[in-house]
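Student: Could you have a look at this structure, given as structure tokens, before my questions?
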Amino acid sequence: AQFAAMVSRLDLYVGEILDLLKKKGLDQNTIVLFSSDNGPHQEGGADPRFFNSNGGLRGIKRDTHEGGIRVPFIAWCPAKIAGGQVSEMPIIFYDIMPTLAELTGAECVDSDGISILPRLFGDESAESERNFLYWEFEETDQVALRQGNWKLVCTSGKPHLYNLAE
């Protein structure tokens, strides 16, 4: 009940922010980004299975399987981003800083990320400039490496190779 109440409250607050942007005439050219830093958790008695919080994917918070790291990422800016678009391009949180830097014309230093701004603005032909994605969770002794649809997950040194398309 507490988790459901928190999600409802968050939804309400995001709605209030969007309504205020509209009221002030700032909604068309303000980019709102919404995401999570990881998959569902079990802390505090939360039950990710009850809410199907990982969408049926294997894994939870601090797990390198898709259910532990694949989360929704929503970008909203009516004048620049067409509604209803879905991109299959895998991104990672360290892509946000280069994206914001490109958006504002600032220089982005010391980032392994890439700007996803072309994709946000609807250029589906924009290709990823990276060869792989990497995750590491010391507290669960897991690392993972993704290249294209291939993903290698190592738990306590034991490797498992997956084709995510299958």
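Student: Taking 22 Å as R0, compute the FRET efficiency from the Cβ-Cβ separation of Glu129 and Cys154 and round it to 0.05.
Tutor: Values: r = 25 Å, r/R0 = 1.16.
Result of the calculation: an efficiency of 0.30.
Student: For the stretch 45-86, what is the convex hull (Cα atoms) projected area averaged across all directions, in square nanometres?
Tutor: For the Cα atoms of the stretch 45-86, the hull's average projected area reads 4.2 nm².
Student: Per 10 Å bin from zero, what fraction in whole % of the C-alpha pairs of the stretch 1-64 is there, up to the bin with the longest pair?
Tutor: 18, 38, 26, 17, 1
Student: Still on this structure, I have one more. Excluding same-chain residues fewer than 8 positions from Lys61, which lysines have a Cα within less than 21 Å of its Cα?
Tutor: Those lysines meeting the cut-off are Lys151, Lys158.
Student: While we're here: Calculate the all-directions average of the projected area of the stretch 1-138's alpha-carbon convex hull, and give it in nm².
Tutor: Working: hull surface 41.1 nm².
Taking the Cα atoms of the stretch 1-138, their convex hull projects to 10.3 nm² on average.
Student: Then there is this: Sequence neighbours fewer than 8 away in the same chain don't count; with that in mind, list the lysines whose C-alpha is under 18 Å from Lys22.
Tutor: Filter leaves Lys80.
Student: Let me ask something else. Kindly provide the helix-only [θ] at 222 nm of the chain, computed as the sum of -39,500 (n - 2.57) over DSSP H runs of four or more divided by all residues, to the nearest 500 deg cm²/dmol?
Tutor: One gets -7000 deg cm²/dmol as the mean residue ellipticity at 222 nm.
Student: Could you give the alpha-carbon Rg of the stretch 43-114 over 2.2 N^0.38 Å, rounded to two decimals?
Tutor: Working: Rg = 15.8 Å, N = 72, 2.2 N^0.38 = 11.2 Å.
It is 1.42.
No value in this document is a laboratory result; all are computed from the given coordinates. The shown structure was predicted, so the numbers you read here are calculated from the model rather than taken from an experiment. Virtual Cβ from ideal backbone geometry, glycine too; neighbours counted across all protein chains shown.
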